[in-house]
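Report on the structure given below.
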Amino acid sequence: MRRAAKIDDNQPEIVRFLHSFPGVSVYITSSLGRGFPDLVISYAGRNDLWEIKDGQKPKSAQKLTPAEWEFFEKWTGPVAVIRSVDDAQKRLDWLRRGEKE
């Protein structure tokens, strides 16, 4: 039996912010496990994967898990670590500008 996925304390705040932002679609994928990022975001015609880490916790508690590292290394599309609503805003601005990573 699979246990409920643990989410970072700041994920609900970031998701609320995204839901309030015009033109943003959010799909919560925290429960998928196996290193898949926590959120799939669509904005300004672009898709992005976000791994949420709690920026209020010590750096050691913000590290990617081995499964997350493996996903990041293999994924060829955009993926970001988001630690705050401010990070989310900056990433949405990046998506809107249409820049390459």
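Things worth noting here:
- Normalised by the number of residues in the chain, the mean separation of alpha-carbon contacts (under 8 Å, six or more apart) gives a relative contact order of 26 percent.
- Long hydrophobic helices in the chain: none of the complete DSSP H runs spans 30 Å or more by Cα along its own axis with mean Kyte-Doolittle hydropathy of at least 1.0.
- Cross-link reach list, lysines versus Lys63, counting only Cα pairs under 23 Å and skipping chain neighbours closer than eight places: Lys6, Lys53, Lys74, Lys90
- GNM on the chain, alpha-carbon springs under 10 angstrom: the most fluctuating residue among Thr76, Thr29, Thr65 is Thr76.
- For the chain, a Gaussian network of Cα nodes joined below 10 Å ranks Asp54, Asp86, Asp38 by mean-square fluctuation, and the top entry is Asp86.
- Of Phe36, Phe72, Phe21, the residue with the greatest mean-square motion in the GNM of the chain, using alpha carbon springs below 10 Å, is Phe21.
- The share of C-alpha pairs in segment 11-96 whose separation exceeds 16 Å stands at 50 percent.
- Amide H to amide H distances under 5 Å link Ile82 with Glu51, Ile52, Lys53, where only residues 5 or more positions off or on other chains count and H is placed in the peptide plane.
Every read-out reported here was derived from the displayed coordinates using simple, explicitly stated rules and does not represent laboratory data. Remember, it's a predicted structure, so these values are computed and weren't measured experimentally.
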